[in-house]
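Below is one structure, written out as structure tokens, with a few remarks after it.
The values are calculated or read from the model by the stated rules, or taken from the named source; none is laboratory data. Please read these numbers as outputs of a predicted model, since none were measured by experiment. Counting neighbours? That spans all protein chains shown, and the Cβs are built from the backbone with ideal geometry, glycine included. For the accessible areas, the whole protein counts, side chains as well, though only heavy atoms, and no ligand, DNA or RNA atoms are used. Shrake-Rupley method; radii C 1.70, N 1.55, O 1.52, S 1.80 Å.
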Amino acid sequence: MTQKTAIVTGGASGIGLAIAQTFVRRDIRTIIIGRDVAKLAAAKEALGLQCHTIAYDLTDIAGIPKLVETITSTHGAVDVLVNNAGINMKKVFTEVTDEDFQRILLTNVTSVFALSREVVKTMLANDVKGSIINISSMASQYGLPKVIAYSASKAAIEGMTRAMASELSPRGIRVNCIAPGFIVTPMTAKAFSDDPERMQKAVNRTPLGYMGQPDDIGEAALFLALSTSKYVTGVVLPVDGGNSIGF
Ligand code: NDP
């Protein structure tokens with residue numbers, strides 16, 4: 001079997017790091033992208049030879065075609081793309097500025113579109129049976145207060161997943177989405193640090209009764225990346241301890 005190559009955006013911390021770890025353990029060559037050079041170096045140190053790092057700010061949309069060209073000329077065709085990088089912002093609705101809103105959409109939606117488009121071009125050119133995995137959130141399904149831009153961005157991701165899946169699956173590229181519940185990462189640490197009540201609320205409506213670990217998402221991503229899920233496309237898979245069906 002030939003070795004697979006994956007890109008994991010935001011792969012140096014939290015959920016992305018766990019996904020990269022799971023891939024590397026299965027001998028998938030994994031390219032992680034992030035902005036923070038020190039975090040990338042630490043991830044590389046932890047993950048070893050199968051991990052490659054690229055420091056890049058994905059909000060630089062114009063540079064994305066060149067970024068993908070550099071990756072494919074160095075590592076060959078990409079089999080798996082995990083669009084994991086994302087930012088959150090908790091703010092009262094009326095205080096969110098147009099700039100705030102655009103900033104979240106640029107990172108969480110526009111860059112996902114631009115990177116996916118470029119990677120799909122190379123998959124098609126190389127006749128790769130690819131897998132694209134997007135990461136949404138419970139925020140796309142509930143009415144969570146104080147996260148207007150984040151909620152809009154994650155709802156967009158789920159819509160894009162279905163649109164991409166129906167257009168690209170006939171061409172051999174599966175597109176799926178994972179909707180994590182409340183997972184212990186730097187992002188949730190920040191969101192919950194000044195709001196213990198919000199955290200308790202999240203846990204209370206989770207039938208399994210605790211927050212998930214990044215690894216839980218890593219294992220789901222591995223399933224969607226490999227041919228074990230070859231008949232799965234266009235789904236939004238909650239990995240949430242039952243949070244989305246909790247009472
Ligand atoms: P973290 O904040 O730990 O990780 C986010 C990653 O995204 C960082 O590694 C960061 O790298 C990267 N990133 C952010 N902006 C950019 C950018 N412009 N260019 C390149 N990389 C960028 O968050 P999580 O691990 O918690 O979140 C990962 C994904 O999971 C996000 O999409 C989030 O919305 C989603 N999610 C998380 C949940 C949770 O409970 N934790 C729940 C539901 C969804 P760097 O700092 O180096 O730029």
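Some points to look at:
- Whole-number accessible area per residue in Å² for segment 30-161, which is evaluated in the context of all protein chains at 1.4 Å: 45 Å²
- Dipole magnitude of the chain about its Cα centre (Cβ charges: Lys, Arg +1; Asp, Glu -1), debye to nearest 20: 400 debye
- A simple rule links phi to the HN-Hα coupling: the Karplus curve 6.51 cos²θ - 1.76 cosθ + 1.60 with θ = phi - 60°, which for segment 118-124 gives 5, 5, 4, 4, 6, 4, 5 Hz, with x for Gly and Pro.
- Summing Cβ point charges (Lys, Arg +1; Asp, Glu -1) relative to the Cα centre of segment 11-150 gives a dipole of roughly 320 debye.
- Fully extending the segment from residue 100 to residue 75, taken as 0.36 nm per residue of separation minus the present Cα-Cα distance, adds 5.4 nm.
- Backbone HN-Hα couplings from phi across segment 45-56 [Karplus 6.51/-1.76/1.60, Hz, Gly and Pro as x]: 4, 6, 8, x, 4, 6, 9, 10, 10, 9, 7, 7
- Local net charge near residue 241, Cβ-Cβ under 10 Å (Lys/Arg +1, Asp/Glu -1): -1
- Listed residues 23, 93, 247, 192 arranged by accessible area, highest first, probe 1.4 Å: 247, 93, 192, 23
- Ranked by the mean number of other Cβ atoms within 10 Å per residue, highest first, peptides 238-244, 148-154, 122-128 order as 148-154, 238-244, 122-128.
- Extending 7 Å from Cα along the Cβ direction at residue 37 and again at residue 152 yields two label points whose distance is 3.5 nm.
- The chain: angle of helix 64-75 to the longest principal axis, Cα-based, in degrees nearest 10: 50 degrees
- Residues whose amide H falls under 5 Å from that of residue 212, counting only those 5 or more places apart or on a different chain, are 182, 183, 184, with hydrogens built in the peptide plane.
- Whole-angstrom gap from segment 4-81 to segment 188-229, using each part's C-alpha centre: 22 Å
- For residue 89, distant residues with modelled amide H under 5 Å away: 150
- For residue 53, the residues 5 or more places off, or on other chains, whose built amide H falls under 5 Å of its own are 32.
- Measuring spread by the Cα atoms of segment 132-247 yields a radius of gyration and Dmax of 14.8, 47 Å.
- Rounded to the nearest Hz, the phi-derived 3J(HN,Hα) couplings of segment 229-236 under the Karplus curve 6.51 cos²θ - 1.76 cosθ + 1.60 (θ = phi - 60°) are 10, 4, 9, 10, 8, x, 8, 10, where x marks glycine and proline.
- Rule-of-thumb Rg ratio for segment 118-159 [Cα; 2.2 N^0.38 Å; N residues]: 1.62
- Size of electric dipole in segment 120-234: Cβ of Lys, Arg +1 and of Asp, Glu -1, about Cα centre, debye, nearest 20: 300 debye
- Expressed per residue, the C-alpha convex hull volume of the chain stands at 126 Å³.
- Unsatisfied cross-links (Cα-Cα over 18 Å) in the set 39/154; 66/121; 154/230; 154/201; 44/129; 129/154: 39/154; 154/230; 154/201; 44/129; 129/154
- Dividing the summed helix terms, -39500 (n - 2.57) for each DSSP H run of n ≥ 4, by the number of residues in the chain produces a 222 nm estimate of -13500 deg cm²/dmol to the nearest 500.
- Computed on protein heavy atoms with a 1.4 Å probe, the accessible areas place 25, 103, 174 in the order 25, 103, 174, largest first.
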